[in-house]
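To start, the structure itself, in structure tokens.
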Amino acid sequence: MKSIFISKQHVEVPKLAAACRLKGINLITESFINFEIIPTSVPQHHDVVFFSSPRSVCFFFELSQDNLFVKDYACMGRGTESALLEKGKVASFVGILSSDPSQVFRDFKSWLGNRKATIPHAVDSLFSIKQYLDALQLTFIPVYKTIPIHKVVPPAEVYIFSSPSNAAAFLEKNQVKEFAQVFAWGKSTQKYLISRGFSVSKTLTLADESELIDILNLC
């Protein structure tokens with residue numbers, strides 16, 4: 001294995017970058033999406049705010065007023081929890097496996113009970129959470145949009161896609177090299193790649209760098 005592509009920025013994968021350097025592997029790090037805030041009004045009072053991504057955390061607080069009151073915060077996973085902690089807030093619920101949204105939503109439903117939840121989201125969100133909770137419990141607030149970036153990257157022997165939107169934007173200008181291995185950063189990405197005709201070698205369950213390094217035998 002001489003080269004690995006991952007649809008993340010270099011600063012997002014320092015452990016993977018270090019492991020590749022030690023093995024003499026060329027790591028290609030390119031995100032194919034950008035994000036833009038959507039000016040919108042955020043109510044002051046919330047029972048629960050559920051964040052599905054670090055971006056939703058950042059844009060929600062950027063749009064919120066100083067007198068914001070939230071009883072409980074909830075997060076899809078540890079990465080989103082970290083973004084919330086940077087805002088000085090603590091999550092009462094954190095999904096165990098963010099790579100498996102369906103399980104996180106089921107656990108969140110049990111934890112939420114009869115309370116209502118506010119969901120800050122991207123305008124192009126899949127809204128998968130609607131399948132698991134009563135619509136009357138949910139309030140959706142669009143806080144940002146995802147903007148695809150179309151560019152060409154060198155071919156690789158291993159491709160790691162971090163989200164459906166990253167994979168879609170990548171495929172606008174690039175092709176996966178024949179006989180290359182394809183990895184998915186979670187089940188949503190796996191589902192998208194399969195829909196595009198790809199055979200996914202492995203889907204991350206923990207969705208973190210350490211798991212990826214282990215799967216790639218870079219330890």
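Laboratory data are not the source of any read-out in this text; all were calculated from the coordinates shown. Bear in mind that the values here come from a model prediction, so they are computed numbers and not experimental data. Heads up, the Cβs are rebuilt from the backbone with ideal geometry, glycines too, and the neighbour counts pull from every protein chain shown.
The listed peptides 1-9, 132-140, 190-198, ordered by packing as a protection proxy, come out as 1-9, 190-198, 132-140 (highest mean of other Cβ atoms within 10 Å first).
Taking N as the number of residues in the chain, what is its alpha-carbon radius of gyration divided by 2.2 N^0.38 Å?
On the way: Rg = 18.2 Å, N = 219, 2.2 N^0.38 = 17.1 Å.
Relative to the rule-of-thumb radius for its length, the chain sits at 1.06.
Along each principal axis, taking the top coordinate minus the bottom one, the Cα set of the range 103-219 gives 50, 32, 23 Å in descending order.
Using r as the Cβ-Cβ distance of Lys173 and Leu126, and R0 as 35 Å, what FRET efficiency do you calculate, to the nearest 0.05?
Values: r = 23 Å, r/R0 = 0.67.
Efficiency computed from Cβ-Cβ geometry: 0.90.
By the scheme Lys and Arg +1, Asp and Glu -1, what is the net charge of all other residues having a beta-carbon under 12 Å from that of Phe59? Mind showing how you got there, number by number?
Working: positive: Arg55, Lys87, Lys145; negative: Glu36, Glu62.
Within the 12 Å Cβ shell, the charges total +1.
Other residues lying with their Cβ under 13 Å from the Cβ of Lys187 contribute a combined charge of +1, Lys and Arg counting +1, Asp and Glu -1. What is the percent of Cα-Cα separations in the range 1-81 that go past 21 Å? Everything past 21 Å amounts to 48 percent. Taking only the alpha carbons of the range 95-143, we obtain Rg and Dmax values of 10.7, 27 Å in that order. Enter the angle in degrees (range 0 to 90, nearest 10) between the Cα long axis of helix 14-23 and the first principal axis of the Cα atoms of the chain, meaning the one along which they spread out most. Result, in degrees: 10.
How much mean residue ellipticity at 222 nm does the chain get from its helices, if each DSSP H run of length 4 or more adds -39500 (n - 2.57) and you divide by all residues, to the nearest 500 deg cm²/dmol?
On the way: 7 runs with 67 residues, N = 219.
Theoretical 222 nm ellipticity from helices: -9000 deg cm²/dmol.
Compute the Kirkwood hydrodynamic radius of the range 37-146, taking the inverse of the mean of 1/r over all pairs of distinct Cα atoms, and give it in Å to one decimal. Mind showing how you got there, number by number?
Numbers: mean 1/r = 0.0727 Å⁻¹.
After inverting the pairwise mean of 1/r, the radius is 13.8 Å.
Assuming R0 = 25 Å, what is the FRET efficiency of Glu62 and Ser92, from their Cβ-Cβ distance, to the nearest 0.05? With a Förster radius of 25 Å, E is 0.70.
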